[in-house]
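The values are calculated or read from the model by the stated rules, or taken from the named source; none is laboratory data. Owing to the predicted nature of the structure, the values given are computational and were not obtained by experimental measurement. Because the Cβ atoms are built from the backbone with ideal geometry, glycine has one as well, and the counts that use them run over all protein chains shown. Ligands, DNA and RNA are excluded from the accessible area calculation, which covers all protein heavy atoms including side chains. Shrake-Rupley method; radii C 1.70, N 1.55, O 1.52, S 1.80 Å.
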Amino acid sequence: MINELKNRIMKRVYAIWFARKIAPAVFLYMPFLLFVALRETANEFFVAKIVDNFLLVIHNSGFLGVVNLTRSAIINTSVLSMLIIIASLGAFVLLLRRLSRNFRQIRLAKV
């Protein structure tokens, strides 16, 4: 009887913890930041052409060609687009890191 009550209380505690710590990051922040980064990338670049060029460079020039292609792409992209993409992806990575740290800190109650 006491263990059952304890289990029910702990389930509620974990649900509240999840709703406060994890749910906002997983269901609000991360999808929004990923959406912004992907939208900006799609607006600025034609992804199929990028993949085609990348494969062509790998086939013809190897690793050094890929380095030169990447450098050229970064130099020729507008600053505002690059800043938005980098900021969105950076915030996404920080939230993902924080989320994984929160999951590692979970200590389950002993019954």
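So how much slack lies between Ile16 and Thr77, counting 0.36 nm per residue of separation and subtracting their Cα-Cα distance, in nm?
Net length gain for the segment: 17.5 nm.
May I ask for the angle, rounded to the nearest 10°, between helix 2-17 and the longest principal axis of the chain, with both axes built from Cα atoms and the value confined to 0 to 90°?
For 2-17 against the chain, the angle is about 30 degrees.
Taking the Cα centre of the chain as origin, work out the dipole magnitude from +1 charges on Lys and Arg Cβ and -1 charges on Asp and Glu Cβ, in debye rounded to 20.
With only Lys, Arg, Asp and Glu charged at Cβ, the dipole is about 1080 debye.
Relative contact order for the chain: what is it in percent, counting Cα pairs under 8 Å that are at least 6 residues apart?
48
Where does the chain land at 222 nm, in deg cm²/dmol rounded to the nearest 500, when only DSSP H runs of n ≥ 4 count, each adding -39500 (n - 2.57), divided by all residues?
On the way: 4 runs with 86 residues, N = 111.
Rounded to the nearest 500, it is -27000 deg cm²/dmol.
Between the alpha-carbon centers of the stretch 1-31 and the stretch 46-94, tell me the distance in whole angstrom.
40
Towards the positive end of the charge dipole of the chain, with charges on Cβ (+1 Lys, Arg; -1 Asp, Glu), say which of Leu80, Met1, Leu64 has the farthest Cα.
Value: Met1.
Might you work out the accessible area of Val36 for me, using a 1.4 Å probe with all protein chains in place, and round it to the nearest 10 Å²?
Roughly 40 Å² of Val36 is accessible to a 1.4 Å probe.
Past the 20 angstrom mark, what percentage of all C-alpha to C-alpha distances in the chain do you count?
61
Could you tell me which trypsin sites (Lys or Arg not before Pro) in the stretch 40-111 are loop residues by DSSP with no more than 12 other beta carbons within 10 angstrom of their beta carbon?
Passing sites in the stretch 40-111 are Arg107, Lys110.
For the chain, report the accessible area per residue in Å² (1.4 Å probe, heavy atoms, rounded to an integer).
On the way: 9040 Å² over 111 residues.
Counting only protein heavy atoms, the per-residue value for the chain is 81 Å².
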